[in-house]
Amino acid sequence: MTIVQFLSKISQFGKNSLFLLILTTACQQSKSDNQLLKPLPQDSFIQVYFNHSQSSEYREPYRDRIRKGDNLEQIIIDTISQANSTIDVAVQELRLPLIATALVKKHQAGVKVRIILENNYSRSWSDFTNQELTKLTKREKDKYQEFQKFVDINEDGQISQQEINQRDALQIINNGKIPLIDDTADGSKGSGLMHHKFIVVDNRFVIVTSANFTLSGIHGDYDNYDSLGNVNNLLKIDSVELADIFTKEFNIMWGDGVGGKFDSKFGLKKPKRDFQQVSFGNNNITVNFSPTSPTKLWIDSSNGLIGKTLKSAEKSIDSALFVFSAQRLSNILETRHQKKVKIRTLLEPDFAFRFYSEGLDMMGISLSNKCKYELNNQPWQNPINTVGIPLLTSGDLLHHKYAVIDEKTVITGSHNWTEAANTKNDETVLAIANPKVAAHYVREFERLYTNAEFEVPRRIEKKVKQQEKECL
């Protein structure tokens, strides 16, 4: 309802009806907000899901609430339940007990299950000693306290072994005797990050997601009822060829598994492979796994694949990114902008205005770190005003790592647009050419873009002016 329509109704019904009108309008708006959008058609081989989707709803299994979104955990569980022979899981963090329980059930049924985690998240919280707990960072302590609340099922302030066995995902996996390693299995202290988030089932089904298998990654913070979880996407892909590519990546990292030979390979120890392409149905997919040594050609790296795909844009590039600090990708976007390609970018608020953010470059802003500017820093000569931050519930993060090119090609995966992801971490990046798949990401972008802020914060403007005086 417009302001003119609103004032017109007041004049029709009189001032005494103002309260009733406001109440009615609010109820109509609430009803509209709760209506689901019509689901978009899915490709036969690639299904796309979002935990903040406006075209579906589900009941959360842990906080027992109905909310909008796709239940990413249930999609993972359903895929695991299909397994007849093998399940390979490579994910940075796994804390969801229902996923753990589904894996144990399949393992006990004779399915070969293997799990790889990032070493910072491969220990059960239940195993930490009091001395170790005192050394945790504030962020880690907050996560531990949330874990305690989550595990305390009867809310009596005491955590029993029975509650741990029901709610501690890693304890469930350990009790189920599922083989598990982390990125120290190569004899090192770990790669940059084992940041993969994929599952391969029966050498046929592949799940690739931006989400960690945690409460905050999928459903929402346990002690914040309003939280809907970090904003994430998930793909379920039916392709033997693609599954074979991911299985080979998994096997390189797995080595002999828990055998202790230190023949696992993570990070830069992994062999360099060229981009790998598969085509099936109406899909053409290019895959690459990080990292690539900075001594190798950038064009052959994961960021190189992203850059190559961005260069193909003729009309538009819409990107929703957790963190964007890769200078070369910003330079490519600026070149496309000069070619009249429409550029729109949404960034996670926590990272959007840091000195290394390429979002600042796109706005024509240059920030230093103690008067030291980034090497090759290049603010755009013709800045754009279509770089923004989405408005999310407190505690929730924009965790996507995707872009849509010309509404027909999608870049997605676990790979953040950073140099660390490119040259240190174990990561996945996919470039998928299929308008039907892209349409889902377009809708998600429009949802976020509609509720976003695009003005540079005053604190940043003030900081720039201050640096102009101090950093001469």
If you take every DSSP beta bridge fully contained in the range 284-470, what fraction is antiparallel? Give it as a percent rounded to 5. 70
Considering only lysines 8 or more places apart in sequence, or on different chains, count the pairs in the range 91-156 whose C-alpha atoms sit under 21 Å apart. 4
Sort 70-78, 294-302 by packing, meaning the average of other beta carbons within 10 Å per residue, with the highest value first. 70-78, 294-302
Based on other C-beta atoms within 10 Å, arrange 250, 289 from fewest to most. 250, 289
Taking every other residue with Cβ under 15 Å from the Cβ of residue 261 and scoring Lys and Arg +1, Asp and Glu -1, one gets -1
Let a ≥ b ≥ c be the square roots of the eigenvalues of the Cα gyration tensor of the range 46-251; is it rounded (a/c under 1.5), or, if not, prolate (a/b larger than b/c) or oblate? oblate
Cβ under 9 Å from residue 300's Cβ, residue 300 left aside: what net charge do those residues give with Lys, Arg +1 and Asp, Glu -1? +1
Only Cα pairs under 8 Å and at least 6 apart count here; give the relative contact order of the range 228-293 as a rounded whole percent. 23
Here the relative contact order (percent) of the chain, from C-alpha pairs under 8 Å and at least 6 apart, is 15
By how many nm would the segment from residue 262 to residue 84 lengthen if fully extended, with 0.36 nm per residue of separation less the alpha-carbon distance? 61.1 nm
For an R0 of 41 angstrom, estimate the FRET efficiency from the Cβ-Cβ distance between residue 36 and residue 166 and round to the nearest 0.05. 0.80
Protection proxy ranking, peptides 215-221, 338-344, average beta carbon neighbours within 10 Å, highest first: 215-221, 338-344
Relative contact order for the range 46-251: what percent, with Cα pairs under 8 Å and sequence separation of 6 or more? 28
Given points 7 Å out from each Cα along the Cα-Cβ axis, report the residue 133 to residue 280 separation in nanometres with one decimal. 4.7
The chain, helix-only ellipticity at 222 nm - DSSP H runs n ≥ 4, -39,500 (n - 2.57), divided by all residues, nearest 500: -10500 deg cm²/dmol
Once the dipole of the chain is set up from charges on Cβ (+1 Lys and Arg, -1 Asp and Glu), the residue from the list 301, 332, 69 lying farthest towards its positive end is 332
Mind ordering 395-401, 441-447 by average Cβ neighbours within 10 Å, highest first? 395-401, 441-447
With +1 on each Lys and Arg Cβ and -1 on each Asp and Glu Cβ, and nothing else charged, work out how big the dipole of the range 284-470 is about its Cα centre, in Debye to the nearest 20. 360
What does DSSP give for the range 250-358 in terms of the percent of beta bridges that are antiparallel, rounded to the nearest 5? 45
Estimated dipole of the chain in Debye, rounded to 20 [Cβ of Lys and Arg +1, of Asp and Glu -1, Cα centre]: 1000
In the chain, with Lys and Arg counted as +1 and Asp and Glu as -1 at Cβ, which of these residues, 150, 213, 288, has the Cα nearest the positive end of the dipole, that is, farthest along it? 288
Answer in debye to the nearest 20: the dipole magnitude of the range 46-251 about its Cα centre, from +1 Lys/Arg and -1 Asp/Glu charges placed on Cβ, is 160
Report for the chain the percent antiparallel among DSSP-assigned beta bridges with both residues inside it, nearest 5. 70
Excluding residue 55 itself, calculate the net charge of residues whose Cβ lies under 12 Å from the Cβ of residue 55, where each Lys or Arg counts +1 and each Asp or Glu counts -1. +1
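Bear in mind that the values in this text are calculations on the coordinates, not laboratory data. This is a predicted model, so every value here is computed, not measured. All Cβ positions, even for glycine, are placed from backbone atoms using ideal geometry, and neighbour counts span all protein chains on display.
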